[in-house]
Amino acid sequence: MYDHILVALDGSEPSQFSGRAAIALATAFNARVTACHVYGSDIHRRRFVEMEPGLPSKYQDQETLGNLRTTHQNLIDEGLRALSAGYVEDFVASSRSAGINTESVAVEGRSYVGILHLAQARHADLIVLGVDGLGAVGNGILGGTTSRVLSAAGCDVLVMRRELDTGPVLVGVDGSQEALKAAERAATVARAMNRPLHIVAAYDPVFHTHVFDVMARSLSPQRQDEVGLASQEKLHDDIINDGLGKLYTQFLREAEQRVAGILSTEFTLSGVEGLGTGLPAMEGGTPSTLSLLTGKAYCALNSAAEDSGAGLIVVSRHGHHRQPCSRLGSNAENLIRTAPANVLLVGGVEDVPSQPKYMVTSSRIDAGAPALVWDSEAEARLKRVPFFVRRMAKRTVENAVRELGKNRVCTRDFEAVAARFGMSFGKVPKV
């Protein structure tokens, strides 16, 4: 899966985690490794020049200043090169003793610029670096170098917070092609390192509940009656809870099918809470599972990682809602900033975005069945459903009508579906 791993080292504890993870992955995938350290001597030169006016008068003549500049620069260059060698030499020795093809390089410049340049110039397909480095303040916040590498890397990036221990590999999916690619990566890592795989999908019905709360506060009682807000909210809750749950269950099954050729194991689906139990276990270890959760995606993944003791979370750079101008999806970014485990970000910024992907079973039904005709009043009532769930409501009604063998949706059909959810609709108000 990985042929060339670039690991960034600076002597910090997360850097040491990165080095050991790079060796483990290189061993698992028979990859070669480049260890790098980027040092910034030029900033010291510029700062020295800026401080020259404040030096004592005996140092102000040009000859003395020139000698000071040269001496200072030589000390900085030689010292930083020596530090760079010290940061990587133990790693190189350990890596080579493990039989890994290893080289090291020191680069002058801004840290993130040097790392990105080396990754591109040397065609690395994985960058490994710590969540922070020597400039960390100890609060777990994502370091500036790591943040900038994440936003611009053209390959996968592994962010290390702790040792890559024996915990399971956890991956989040949302039905997008990017997420399915991440599932493949996660399965390959799990197989290579003999770890169980947990596939998680999370949806957030609470957001829409919040939207209805805002509508209730914003609309007058008369306007709420006109749009049937109470009935719409009840219908929405039933459709969302049922429809989104089924949709994301399908996403889990798609991911299961995608990794079937990689892992010789079967999965079972757990419910909305917990990771459940899947059969069989990998090599006698913890079973692999599919899990359907509710809540914000990155929060649900964090909770699942804590509950399962996951050592690695795998997530795609983008998901379903990618926009062309985006360099990193919000769920991926929030996850990396808050995760209790190490995070593997799959996909580079130059990857071509996929087209929106919909539920497989629904697309098959739509493709194989003729379009239904809607009566004008039934269609008018459909338009009273909030726009953000209208498509799902329409599909629910049409599926019910097709089950009856009909090819036309009338008002009675619409009311029958509403009654199924315990609601009734008044007539459409005349305008």
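Every number here is computed from the coordinates shown, using simple stated rules; none is lab data. Since the model is a prediction, treat every value here as computed from it, not as a measurement. In this analysis, Cβ positions are derived from the backbone assuming ideal geometry, glycine residues included, and neighbour counts consider all displayed protein chains.
When the pairs LYS234/LYS296; LYS296/LYS406; LYS234/LYS406 are compared against a 29 Å limit on Cα-Cα distance, LYS296/LYS406 fall above it. Judged by the mean number of other Cβ atoms found within 10 Å, the most tightly packed of the peptides 183-194, 373-384, 141-152 leads the ranking 183-194, 141-152, 373-384.
Sort the following peptides by mean Cβ neighbour count (other Cβ atoms within 10 Å, averaged over residues), highest first: 303-311, 401-409. Mind dumping the intermediate values first?
Working: 303-311: 19.4, 401-409: 12.9.
Answer by packing, highest mean first, reads 303-311, 401-409.
What is the local net charge at GLU13, summed over the other residues whose Cβ is closer than 12 Å to its Cβ (Lys, Arg +1; Asp, Glu -1)? Kindly include the intermediate steps, with their values, before the conclusion.
Details: positive: ARG20, ARG161, ARG162; negative: ASP10, ASP132, GLU163.
Local net charge: 0.
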